[in-house]
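Single-structure report; data block below.
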């Protein structure tokens, strides 16, 4: 009798884990399937930043917001609301400590890092682009080289955003996917 309860509890635990995983996968797949695709322009990075695993570290032009709102400063979780320009590139509309009801803009949660000279600084939560292990180093070198040249800087990230969920699906350099640019 005791073994029966253990098997039943084990079965419930397995089903719960599968359901939780399926729900997470479904949420991200729904985000990718939506039409809420943004292009985020990347920014130059410090070439001495070490390669930290099998991914490419990204920096973005959007990293600050002009405001004197003291409640948005220093390690606060806030919501960054975005619209798109005529070319599909992301435009930061506002930062808000609370979710804005009935907002027409898509949003992601960001953490503020500082407040200086009337600007709140933050990092976007999709700053790592994971790749196939054998291509990651070459991809990061290509990305670094592109962003080091201040005249080039024609790289951007493709990010899907829906209801606060974000999925980074590609990085484009010179009009070509980073995955394709480092084919061996």
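Couple of notes before you dig in:
- The C-alpha atoms of the chain define a longest principal axis, and helix 2-33 lies at about 30 degrees to it.
- Cα-Cα separations in the stretch 36-181 greater than 26 Å, expressed as whole percent: 27
- Helix 133-148 axis versus longest C-alpha principal axis of the chain: approximately 30°, rounded to the nearest ten.
- Protection proxy ranking of 108-121, 2-15, by the mean of other Cβ atoms within 10 Å over each peptide's residues and highest first, is 108-121, 2-15.
Where a number appears in this text, it was derived from the coordinates with a stated rule and is not lab data. Predicted model, so just to flag it, every value in this text is computed and none were measured. All Cβ positions, glycine included, derive from the backbone under ideal geometry; neighbour counts span all protein chains shown.
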